[in-house]
Structure formats: structure tokens, C-alpha cells
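Bear in mind that the values in this text are calculations on the coordinates, not laboratory data. Just so it is clear, the model here is predicted, and its values are computed rather than measured. Using ideal geometry, Cβ is built from the backbone for each residue, glycine included, and neighbour counts are taken over all protein chains shown.
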Amino acid sequence: MTNSVRIGQGYDVHAFGDGDHVVLGGVRIAHDCGVLAHSDGDVVIHALCDALLGALALGDIGVHFPPTDPRWQDADSRLFLRHCAALVAERGWRLGNADITVVCERPKVSPHAAAMRANLAADLGVALDDISVKATTSERLGFTGRGEGLAAMAVALLVRA
């Protein structure tokens with residue numbers, strides 16, 4: 001018997017560095033710093049890609065888009081997500097739903113969550129209500145609590161198409 005559902009989880013983190021914005025869920029958010037990353041450093045999309053790839057048992061985002069490859073320098077992470085969506089479809093799956101949590105003290109995520117959900121849903125070809133984006137702080141504990149960076153966790157449920 002073949003599985004009718006698969007679950008994947010993903011996690012990504014980036015340290016803050018020089019810059020004037022961060023990108024989360026494909027949304028450019030003004031901020032007093034940027035992130036240190038090879039691509040645009042979008043922790044939301046990176047975590048979601050890892051969740052999708054994990055559900056497919058296809059490794060992680062670094063396997064598909066190695067940080068040593070100059071083609072991905074400053075790349076828009078939405079390209080990565082569209083690639084993962086194509087892999088899901090090619091293998092006979094569809095996204096049931098995805099749930100993403102951003103962990104940071106700042107910037108504030110909630111004013112941008114609707115735009116993030118819209119981007120993710122569009123890139124994955126799913127309904128808006130199949131995507132959840134929320135945020136939490138770490139109560140000033142750890143690197144996110146000290147304002148040294150931000151992180152995201154994602155869970156994705158795939159169902160047979």
C-alpha cells in the first residue's frame with residue numbers, strides 16, 4: 001500500500017547583518033538591518049522548501065540550491081519555492097496545507113502575514129486558506145531574543161493528487 005499523505009518539516013535561520021530590509025515570505029520588509037545569506041535570506045521560504053523537500057524525501061534546500069553555486073547569489077527565494085512546487089506535482093502530490101512560524105523579536109511580522117500568505121499560495125498554486133503564517137518571539141532568550149537574527153519553522157502536508 002502506498003502512502004496517501006506525507007508530512008515534512010523545515011527550519012531555517014539567518015543572522016542579521018548590514019542592510020535596510022529583510023525578505024520574509026517574498027515580502028520586502030523595511031528593517032534597520034539585513035540578513036547574512038547567499039540568496040535573499042528568506043527564512044520563511046527556505047523553511048517551507050525544506051518541509052516540502054523533506055516530505056518528498058529529496059534532501060534539503062542546500063542540495064537543490066547549493067550556497068557554493070554563484071547562480072544563487074542574491075537569488076529571489078520564490079524561485080526556490082516554485083521549483084519545489086514543481087517537484088511536488090511531478091511526483092504525483094499536492095499540498096494539503098502548510099503552517100509556518102517566524103521566530104524573531106523584530107521586525108513585526110503580523111502586518112505582513114497576509115501578503116506572505118498570498119505570495120506562498122500563488123507560488124505553490126494553492127488556495128490562500130491552505131497557507132498559515134504566524135509569528136512568535138523567543139521572550140528575549142537565545143539569538144533571536146537578543147536580536148541577532150531570525151528563524152522560521154514550517155510543516156507541510158502533502159496528499160496524493
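Tell me whether segment 105-161 comes out rounded, prolate or oblate; compute the Cα gyration tensor, take square roots of the eigenvalues as a ≥ b ≥ c, and use a/c under 1.5 as the rounded threshold.
Verdict is prolate for segment 105-161.
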Determine the principal axes of the Cα atoms in segment 3-92, then give the extent along each, sorted from largest to smallest and rounded to whole angstroms. 46, 24, 17
Calculate the length of the line joining the C-alpha centroid of segment 93-137 to that of segment 22-66, in whole Å. 13
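Exposure proxy check: Met153, Met116 ranked by fewest other beta carbons within 10 Å? Don't skip to the end; give the middle numbers.
On the way: Met153 21, Met116 24.
With the sparsest Cβ surroundings first, the list reads Met153, Met116.
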Just need the relative contact order of segment 5-160 here, percent rounded to a whole number, with Cα pairs under 8 Å and 6+ apart. 33
Radius 14 Å from Cβ of Glu105, net charge of other residues (Lys, Arg +1; Asp, Glu -1): +1
log₁₀ I(q)/I(0) of the chain at q = 0.13, 0.16, 0.19 Å⁻¹, via Debye over equal Cα point scatterers, no solvent, to two decimals? -0.56, -0.84, -1.16
Burial ordering of Thr137, Thr2, fewest other beta-carbon atoms within 10 Å first: Thr2, Thr137
Would you mind calculating the gained length between Arg82 and Ser132 on full extension (0.36 nm times residue separation, minus the Cα-Cα distance), in nm to one decimal? 16.2 nm
